[in-house]
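Notes to accompany the following structure.
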Amino acid sequence: MLPALSVVVPAFNEEGNVGRLVDEIATVLRGRLPFEMVFVDDASKDGTLAELREAQRRHPELRVLSHRQQGGQSLALRTGVKAARAPWVATLDGDGQNDPADIPKLLAERERAAADVKCLAGWRTTRRDDAGKRISSKIANAVRSRLLRDATPDTGCGLKLFEREAFLELPWFDHMHRYIPALMQRAGWKTVSVPVNHRPRGAGASKYTNLGRLLVAFADLRGVAWLIRRNRRSPVVEYPRED
């Protein structure tokens, strides 16, 4: 039986987090719907891959992919989505700060949403990060919202639910995972933000510095704004053959 939902999780140096995350996802989704978990190890230098291989012994739903060279979170996400077999994909960050218990909430919102809503984005209303990270994220979200007008209060949340086909039609570039709602809207789809839980990191450390995150965000914003300005769409009508 093909899964109804693919849960895609990119991970880099998340030893101590990914095993627990696999267990949590399985606990939340088993009995709800057919699902698969697709974890993509982005050439980790610690025991992340070994931890995932061990988790496969416990969970037949788990598929493990691994990059031979580190490609970044956006590439790992795209690798997982391309490999996914379900029409809809839920994503979480590999650090365990996104709560798998919120996935059913996103699924329920999708059922209530209009057919043209192709992305439901998590909104971390209460952040469990240090003050510096919260401040830098607040600045980046404010600037992004002003420039892109995507009506998304927290585009950086790793917890999202979107249609696989719609995602694969989006333009891909490094760090594009931060702009999925804006890119979905550019493609003509609607997006919805859903309040979700946010948890402290269980193990390891963040892969981004606050300054590095801001510098990358401002550089990418210019590119995404250009993509939106240069976008063109037109409805297509196909006429049947008249005999």
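The values are calculated or read from the model by the stated rules, or taken from the named source; none is laboratory data. Everything numeric here is computed off the predicted structure, so don't read it as measured data. Note that each Cβ is placed from the backbone with ideal geometry, even for glycine, and that neighbours are counted across all protein chains shown.
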Among (1) surrounded by fewer than 17 Cβ atoms within 10 Å (Cβ to Cβ); (2) of a type outside the set (S, T, N, Q); (3) in a loop (DSSP other than H, G, I, E, B), ASP23 falls short only on (3)
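For (1) without any contact (Cβ under 8 Å) to a residue 40 or more places away in the chain; (2) among the small types (Gly, Ala, Ser); (3) in contact with a helix residue (DSSP H, G or I) (Cβ under 9 Å, 6 or more places away or on another chain), each residue gets a yes or a no:
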position	(1), (2), (3)
ARG32	no, no, yes
VAL38	no, no, yes
ASP41	yes, no, yes
ALA50	yes, yes, no
PRO60	yes, no, no
VAL64	yes, no, yes
SER74	no, yes, yes
Residue count for the range 37-61, restricted to those that are buried (at least 21 other Cβ atoms within 10 Å of the Cβ) and under 25 Å from LEU161 (Cβ atoms)
8
Among the residues that make up the range 10-20, is at least one of them more than 15 Å from the chain's Cα centre (by Cα), more than 15 Å from GLY204 (Cβ to Cβ) and surrounded by fewer than 24 Cβ atoms within 10 Å (Cβ to Cβ)?
no
Just a yes or no: is a residue in the range 101-118 in contact (Cβ under 8 Å) with a residue 40 or more places away in the chain and in contact with a Pro (Cβ under 8 Å, 6 or more places away or on another chain)?
no
Among the residues of the range 39-63, which ones are more than 21 Å from the chain's Cα centre (by Cα), charged (D, E, K, R) and assigned to a loop (DSSP other than H, G, I, E, B)?
LYS45, ASP46, ARG57, ARG58
Among the residues of the range 159-188, what is the count of those that are modelled with pLDDT under 95 and either polar (S, T, N, Q) or farther than 21 Å from ARG232 by Cβ (or both)?
4
Show the residue pairs that are 6+ apart or on different chains and have beta-carbon atoms under 7 Å apart, the first residue being within the range 224-243 and basic (Lys, Arg), the second being assigned to a loop (DSSP other than H, G, I, E, B).
ARG233/GLY188
